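This report refers to the structure that appears directly beneath it.
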Amino acid sequence: GLQVVLDADLNLEGETIEPIPTFSGSFDGQGHSIRGLRLSTDGSHQGLFRYIREDGSVKDLHLEGVIAPETGRCQVGGLAGVNYGSISGCSFSGSVSGLNYVGGLVGMNYGSITDCSAAGTVDGKRMTGGIAGWSEGLIQRCRNEAAVNITISESALQLEDLRVSALNAAELTNAEDEDVVSDSGGIVGFSKGVVMDCENTADIGYPHYGYNVGGIAGRQSGYLTGCENRGRIFGRKDVGGVVGQ
């Protein structure tokens, strides 16, 4: 039942803050910005909010900063690590990086994300997306301008070149057990939910590297409609303008 209203822009440059552990109230940013966002904690479930619960809502909030935990690094997003609630009219600009389930706005989404946007860069290994890394909920009318997985380390390239000949067809398709990047999307890395009326304009993927790369979804087994991709899409296998696999 907690109601939070942000009535001014906040500048956190030079400061680090603890993420909000769990939130089930309403947060109205009123179009204001929080700039210079950096977290003082490492581990998984990282973002301004670690968890937004089913009865939680965040709207009209704009964030700028860097989310880059050094340990754990799963379920990482600019706004929330995991979302079960409602996010609307929000944006993140900056850099988000992690390991698995990494999104410009949300790491893992079970709720709804509507009328949101992301810009900057998003980097992860598996399930990485401009808006959400992994989604079983709704993503609607979102726009991504954040480049996703467009750089890769030289050591990772060498490792894949050595191991790719040993991969069979199933492993190439899923790439679950190999040390390669998989499931990179302009809107969502891996979607089991609904993606509607979204647009990507950023570059996604690295040339000749990575599996399941798509302009909207890297991999999807849900419902996708009314989406447009205008970015360049790169990868090694299962690469598509809208959906990789």
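The values are calculated or read from the model by the stated rules, or taken from the named source; none is laboratory data. Small disclaimer: the values here were computed from a predicted structure and weren't measured. As a convention, Cβ positions derive from the backbone with ideal geometry for all residues, glycine included, and neighbour counts pool all protein chains shown. We work out accessible area using only protein heavy atoms, side chains counted, and drop any ligands, DNA or RNA first. Shrake-Rupley method; radii C 1.70, N 1.55, O 1.52, S 1.80 Å.
Figures for the structure shown
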| item | result |
| --- | --- |
| The stretch 92-131, Cα convex hull volume normalised per residue, Å³ | 48 Å³ |
| 26 Å Cα-Cα reach of LYS237 towards lysines, excluding residues that sit fewer than 8 places from it in its own chain | LYS125, LYS192 |
| Computed accessible area, GLU18, all protein chains, 1.4 angstrom probe, square angstrom | 130 Å² |
| Cα gyration tensor category, rounded, prolate or oblate, for the stretch 1-63 with a/c compared to 1.5 | oblate |
| Global form of the chain, assessed from the alpha-carbon gyration tensor, a/c cut-off 1.5 | prolate |
| The chain, helix-only ellipticity at 222 nm - DSSP H runs n ≥ 4, -39,500 (n - 2.57), divided by all residues, nearest 500 | -2000 deg cm²/dmol |
| Label point distance in nm, THR151-VAL4, each placed 7 Å from Cα along Cα→Cβ | 3.1 nm |
| Solvent exposure of the stretch 20-103 as accessible area per residue, Å², 1.4 Å probe | 36 Å² |
| In Hz, Karplus ³J(HN,Hα) per residue of the stretch 22-39 (6.51, -1.76, 1.60; θ = phi - 60°; x = Gly, Pro) | 7, 9, 10, x, 10, 10, 10, x, 6, x, 7, 10, 10, 9, x, 6, 9, 9 |
| Exposure ranking of VAL188, VAL239 by accessible area [1.4 Å probe, largest first] | VAL239, VAL188 |
| Where labels lie 7 Å past Cα in the beta-carbon direction, separation of ARG35 and GLU13 in nm | 0.6 nm |
| Gyration tensor (alpha-carbon) shape descriptor, the stretch 54-107, a/c threshold 1.5 | oblate |
| Fully extended contour minus Cα-Cα distance, from TYR223 to GLU136, at 0.36 nm per residue | 30.3 nm |
| Neighbour-limited loop hits for GluC sites (Glu not before Pro), the stretch 14-85 (at most 16 other Cβ within 10 Å; DSSP other than H, G, I, E, B) | GLU15, GLU54, GLU70 |
